[in-house]
Amino acid sequence: MSATGEKVVDTAEEVAEDVGHAYGSWFKSYMKIFGRRALEWFLVYMFGYYNVSFGWLMAPLFFLVLRDKRAKEKKIKFDIIRSIANADEKDIIQEIQRFSNLPSWVTFPDMERVEWLNKIIRQLWPYAGQYVKDLCKYSIEPSMRTALEEYKLNGFQFEKIILGDTPPRFSGVKVYDDTSRHEIIMDMDFAYAGDCKFEVSVSKFKMGIKDLQISGRLRIMMKPLVRQIPLVGGLQVFFLNNPDVDFNLIGLADVFDMPGLSDILRSIVTEQIGHMMVLPNRYPIQLVEDIDVVELKCPAPAGVIRLNVIEAQNLMKKDIGIMGTGKSDPYCILRLGAQKFQTKTINNTVNPKWDFCCEFLTEVIQSQELDFELFDLDDGPGQDEFLGRANLDVQEIWKNGEVDMWVPLSEAKSGRIHIRATWLDLSDTADSLQLQLEEIRALQVTTKNPLHSAVLMVWVDSAKKLNPSHKQIPDPFVRLYVGNEKGETAVRQRTNDPVFEEGFTFLVRNPRTQELKLEVIDQKTNQIQGKVELDLNVFLKERKMEVIGEDYSLSGASGGLSTLKLNITLRILKTALKTDDGDGGPQEKGETEISSSSPAAISEPPPSSSSSSMPPSTPAPSIPSKESVGIPDPIPADGPEQKSAPGSLADQSEGPSVATDAGKTLS
């Protein structure tokens, strides 16, 4: 046979094979649809044949419809985000105009373009796989295992980690020029909508997630600056507020991808991200050996915000009755970074009065907001209905000392919320303790919620000579207690001389009556290796109320030689003196200068029957010079007299920089 004939035969065979594949794929697809429809009709027939209640058929059908609707909405959203992540800058500008979410460097003039950075990240992304695997195995896996054990799900571990081809994207960057000369602060709008795939095993069941989406405002702090290459001693990476997180479930977990169950899984993932790198928690990266680790890992909080959610008015009616009238069962969720509080639910009203009081540790002042979300409580299986959202700028509270205002709700047809927020500074003298206790006593007459008068910062450095007389080497960790709050360090494997280097921050109700308890525990045996109990009243008499690098003997330890090295700093809350700009009534939000990035800031406030002004206050005191206290440059703000921007305690010569979420480890 000639060569031409052989080519014709080969081509015919290839065509026949392609036709066979096409026909086979069509036949398989047709049979799958036919089998699914036949099964559905058979189930309906069997339900009718055996006179089974119609509800048993409608319940799963209802959940399947909800699931399909949810899946379609997520797919549309994910396709949009992924197309943006893979597009060039010009394509983004042309396409994004159809939607409201413009890049931050278009919306805000202080955000700059970073398309050059996205090109670099796209080039480096294939080499980031090993770092992400180590991060998942050694940082995320232990915390996820602990969180899932509370739901009786044991043995969590990563089986497969695939990053995919789509890298994260930064849509804008801002570098602050009004900071201390020893640090650089940079905010970046972060978005990741990749084709990654993570497979895990829990209680011998395998499941996983894919198409992970994370977006939020990421802050990178470069501090301290040093006089040697790489000129930056370390990095602190964290989200200012909880990022938006979404993903699709695969494997066994796909069965639970329905309203209610999937929300629990997503809340667990979001909570773990918050514990790792959402303020007040930070992800530290040490770049130079000989730097102050306390300053890198545990910068002190800037202050405390005492928040009083008083009431709301004219909320939307979600529980509509037969006659067209109705009310709601509203409650409010308050967030600052990873910290979260929730008011009680007031039934059958659109004008609830909560008088709820709480306190937030505030790590940074610039570009952070208090977030308020209102919901209508539903007793059924569905989600609680959204009633609106409001925001308050932390820098505005810090600048005024106290704000008392009605804030209109965004993303709602009607409604506003009455909020009072007070800024509390941290004092290194005990002079203001009695005044603070009296203020708390007066506030708790109406709020009935526990408030605090001090902040305790504990740096757990290391322990020595644990269990020296036994052959078994422990896996030690430290557990801390202050009142009802507790915290735990990470476990150090097989050592009698563990180095922890972790910091904790606790809010203290009354340092005259409370104490700090620390226990060194062996994880393998769950036995206490030794403990320390310290009366906080003692630290009120110490110079600047702090003890640095003290070795405390562990009581109950074998051999009597075990010690625990600690830094302990006590700070008294001091109410900042307020500026006077009104006649005593709460303001409307439109009457004061609020951050334009806040959704509520650009909406028109509803008419108020109350007077619109700030509460009366005393004039601001004279402020000591920066040179006398060694603090960084002030944040620029309007007014002839401003407070200096708080930095770390190390910068303010107030003792060691030690702080994390209340009872939460920071490292």
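Where a number appears in this text, it was derived from the coordinates with a stated rule and is not lab data. Quick caveat, the model's predicted, so the values are computed rather than measured. Here the Cβ is made from the backbone with ideal geometry for all residues, glycine too, and neighbour counts use every protein chain on show.
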**Request:** May I ask you to list the trypsin sites (Lys or Arg not before Pro) in segment 379-420 that are in a DSSP loop and have at most 14 other Cβ atoms within 10 Å of their Cβ?
**Result:** Lys413
**Message:** Quick one: 3J(HN,Hα) in Hz for segment 142-158, Karplus 6.51/-1.76/1.60 with θ = phi - 60°, rounded, Gly and Pro as x.
**Reply:** x, 5, 5, 4, 5, 5, 6, 5, 5, 9, 6, 10, 10, x, 5, 7, 7
**Complete:** Given 211-224, 263-276, 299-312, the highest-first ranking by average Cβ count within 10 Å works out to 299-312, 211-224, 263-276
**Whole-Hz couplings from phi, Karplus 6.51/-1.76/1.60, listed for segment 424-440; x for Gly and Pro** = 10, 7, 9, 9, 9, 10, 8, 4, 8, 5, 5, 5, 5, 5, 5, 4, 5
**Prompt:** So, in nm, how far is label Asp431 from label Asp319 when the simple model puts each one 7 Å beyond its Cα toward the Cβ?
**Reply:** 5.3 nm
**Message:** Suppose each label sits 7 Å from its Cα in the direction of the beta carbon; what would the Lys448-Glu149 distance come out to in nanometres?
**Reply:** 3.6 nm
**Request:** For Phe42 paired with Ile548, estimate the spin-label separation in nm (one decimal), with each label point 7 Å from Cα along the Cα-to-Cβ line.
**Result:** 7.7 nm
**Asked** HN-Hα J couplings of segment 126-131 from phi, Karplus 6.51/-1.76/1.60, θ = phi - 60°, integer Hz, Gly and Pro as x?
**Response** x, 8, 8, x, 5, 5
**Message:** Taking 0.36 nm per residue of sequence separation and subtracting the Cα-Cα distance, how much length would be gained by fully extending the chain between Val237 and Lys413, in nm to one decimal?
**Reply:** 59.6 nm
**Prompt:** Counting only residues 5 or more places away or on other chains, whose amide H sits under 5 Å from the amide H of Ala557 once H atoms are built in the peptide plane?
**Reply:** Lys531
**Asked** On full extension of the chain, what length is gained from Ile229 through Lys28, given 0.36 nm per residue of separation minus the C-alpha to C-alpha distance?
**Response** 66.1 nm
**Request:** Please list, in chain and number order, the residues 5+ apart from Ser367 or on another chain whose amide H is under 5 Å from its amide H, with Hs placed from the backbone.
**Result:** Gln395
